[in-house]
Amino acid sequence: QVQLVESGGGLVQPGGSLRLSCAASGTISSIYSMGWYRQAPGKQRELVARITNSGNTNYADSVKGRFTIARDLAKLTMFLQMNSLKPEETNVYYCNIRTKFIGDYWGQGTKVAVSA
C-alpha cells in the first residue's frame, strides 16, 4: 500500500522559512511527477511546485524565486524549501506523486501558518 507522509509544517513569522519533506512508502511505478500543492479552507487545491521524472520544474507564479522543490527518486522523497513566507500562504500543504497509469497519490497534508 502506498503512503505519503509530509512533515516540516508549523508556525513561522512573515519573511521566515520552512522546509517541508515528504516520504513515500510502498511500490510506485511509472512516476510522471512529484509535487506540492496547497489548499486554503473553501478554496480549490492549487499547484505550488512540481518536478517531473526528467527533472523539469514548474512553480506557481506567486512562489517563483522564493520556493525550491527537490526530490530523491531512489528514496521516494521530496522537499519544498519555502523562503520569504507571506501570511496569505497560510495553508495546508500536500505532497503528490503522479503516475502515468494509476493516477495520483496524496499525502495527508501538513499545516503551514505564517503569522506574527
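Each Cα pair under 8 Å and six or more residues apart adds its separation to the average, and for the range 30-116 the resulting relative contact order is 31 percent.
Measuring nothing but protein heavy atoms, the accessible surface of the chain at 1.4 Å probe radius is 48 percent carbon and sulfur.
Calculated from the alpha-carbon coordinates, the range 3-116 shows an Rg and a Dmax of 13.4, 44 Å respectively. The residues of the range 1-45 expose, per residue, 57 Å² of accessible area to a 1.4 Å probe.
If we count every other residue with Cβ under 15 angstrom of Y32's Cβ, Lys/Arg +1 and Asp/Glu -1, where does the sum land?
Numbers: positive: R50, R71, R98, K100; negative: D104.
Counting the neighbours of Y32, the net charge comes to +3.
Using r as the Cβ-Cβ distance of S25 and N53, and R0 as 25 Å, what FRET efficiency do you calculate, to the nearest 0.05? List each step's numbers first, then the result.
Details: r = 19 Å, r/R0 = 0.76.
Efficiency, from the Cβ-Cβ distance: 0.85.
Modelled label positions at K100 and V5, each set 7 Å beyond Cα in the direction of Cβ, lie 3.0 nm from each other. If both residues of a DSSP beta bridge must be in the chain, then about 95% of such bridges are antiparallel. If you count Lys pairs in the chain whose Cα atoms are under 28 Å apart, skipping same-chain pairs closer than 8 places in sequence, the total is 11. Spacing of the modelled spin labels on D72 and Q13, each 7 Å from Cα toward Cβ, amounts to 3.2 nm.
The values are calculated or read from the model by the stated rules, or taken from the named source; none is laboratory data. Remember, predicted model here, so these are calculated numbers, not experimental data. Quick reminder, even Gly has a Cβ in these numbers, built from the backbone with ideal geometry, and neighbours come from all protein chains shown. For the accessible areas, the whole protein counts, side chains as well, though only heavy atoms, and no ligand, DNA or RNA atoms are used. Shrake-Rupley method; radii C 1.70, N 1.55, O 1.52, S 1.80 Å.
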